[in-house]
Every structure is written in structure tokens, then in C-alpha cells.
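Novice: I am attaching a structure below and will ask some questions about it afterwards.
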Amino acid sequence: MKCKVLLIAAIVIASTSVFVASAEEIETNENSVVLRLSEPVAQDAKSETFGAELDETLQKVTLKDLVAQSTDYVGKPFQLDTKVAKVCQKKGCFFIAQQGDDVMRVAFRDYGFFVPTDSAGKTVTLAGELIKKEMTTEQVEHFNKDMQGGSDVVKEGVVYEILADSVRVPRA
């Protein structure tokens, strides 16, 4: 009998722990649900940094330069300030960077961290490198579905995209 009571208590505690952990990942923001699947590695009153600590010694570049001179930047680390145009709404596992008419997809190294799904519209600072890759039709469909509306940036064929090691997101 004592074993049954202990087993039931353990199950209740375990299920409560799972519920609490899930509640920390999801916040309600008026009528929308915001997913926060990664904890920040650094934070202050103005921002949160996801991934690794932001290396502020890296050369600052513009998205315009990355788009116009992509081959010159492949594999070279840099720092970039950019507006987040769209975010993956499924997990926050990628976003579309935009500066004026210039846009590019941003992925996270080793799928190792995520940004909050309410990051769209914010200007973030990231550290990363440019990569060249082949995008399949299936990947394009998958990414557009995850953005809930898609983007002209995500297209089939050879593309350049940013592989970020860290992203600093402003709090407001």
C-alpha cells in the first residue's frame, strides 16, 4: 500500500514538473502564443542573447553588402544589425533578415538554439557567417509553412544564407 501511495505521488510530481516546464516555454501575448524554446545565454535590462555570447569584436557588415558580394563573405565571421522580417512560428528556428530591399534567411548553427517567435519587427544584432547551399523544393515548402505565409527569400536552388552563432534580441 505504501508503495502505491509513493508511486502515485511520484507520478503527480512528475506530471506537475512537465506542466511547469511547458508553461515556461509558452507565454501569452494578448491574442497570440509566443514560443520561447531556448533560454538566453546573456541578458540585461534591454536585451537577451541566444546561442553563444555575442562576439562584438567581429567586423560589422551590412545586409546590402552580404547580398551584393555574397561570394566575398562565405565562411568569414561577421557581426550584423538587421531587422527581423519574419520568424518561424513553429519553433523560432530561423528568421528572415531585412534591411531595406535586401533580405536573407538566417539559420542557427547546428540547430542549437531558437529565438522567441515574437521577434518579428525587432532589430537584432547577430554574429555568424555566410554559407552557400542548395535549397530543395521540399525545404522551401517546409520553411514557408513554418513561417505561416512564406517569403520570396526562401527559394529553390543555390542560395546564400546566414548561419548565426548568436543573436541579441531587444526586449521591447
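Novice: I'm trying to understand the selection: among the residues of region 154-172, which are farther than 22 Å from ASP72 by Cβ and not charged (D, E, K, R)? Talk me through it step by step, then tell me what you get.
Specialist: Narrowing region 154-172 to residues farther than 22 Å from ASP72 by Cβ: 154, 156, 166-172.
Of everything in region 154-172, those that are farther than 22 Å from ASP72 by Cβ and not charged (D, E, K, R) turn out to be VAL154, SER166, VAL167, VAL169, PRO170, ALA172.
Novice: Of all residues in region 61-117, count the ones that are farther than 22 Å from ASN144 by Cβ, part of a helix (DSSP H, G or I) and among the aromatic types (Phe, Trp, Tyr).
Specialist: Residues meeting the conditions: 1.
Novice: Any residue at all in region 106-124 that is without any contact (Cβ under 8 Å) to a residue 60 or more places away in the chain, touching a Leu at 6+ places or on another chain (Cβ under 6 Å), more than 14 Å from PHE50 (Cα to Cα) and surrounded by fewer than 23 Cβ atoms within 10 Å (Cβ to Cβ)?
Specialist: No: zero hits.
Novice: What pairs come up if the first residue lies in region 144-165 and is on the phi > 0 side of the Ramachandran plot and of a type outside the set (Ser, Thr, Tyr), the second is at pLDDT 75 or above and part of a loop (DSSP other than H, G, I, E, B), and their beta carbons are under 8 Å apart, counting only those six or more places apart or on different chains?
Specialist: GLN148/GLN89
Novice: Would you please list the contacts, defined by Cβ atoms under 7 Å and residues six or more apart or on different chains, that run from a residue in region 58-74 that is touching a residue at least 12 places away in the same chain (Cβ under 8 Å) to a residue that is among the basic types (Lys, Arg) and outside any loop (DSSP other than H, G, I, E, B)?
Specialist: VAL74/LYS132
Novice: Quick one: is ALA164 buried (at least 22 other Cβ atoms within 10 Å of the Cβ) and either in a strand (DSSP E or B) or in contact with a Lys or Arg (Cβ under 8 Å, 6 or more places away or on another chain) (or both)? Steps first, please.
Specialist: Working: buried (at least 22 other Cβ atoms within 10 Å of the Cβ): yes; either in a strand (DSSP E or B) or in contact with a Lys or Arg (Cβ under 8 Å, 6 or more places away or on another chain) (or both): yes.
Yes: the conditions hold for ALA164.
The values are calculated or read from the model by the stated rules, or taken from the named source; none is laboratory data. Computed from a prediction, not measured in an experiment: that's the story for all the values here. Positions of Cβ are backbone-derived with ideal geometry, glycine not excepted, and every protein chain shown enters the neighbour counts.
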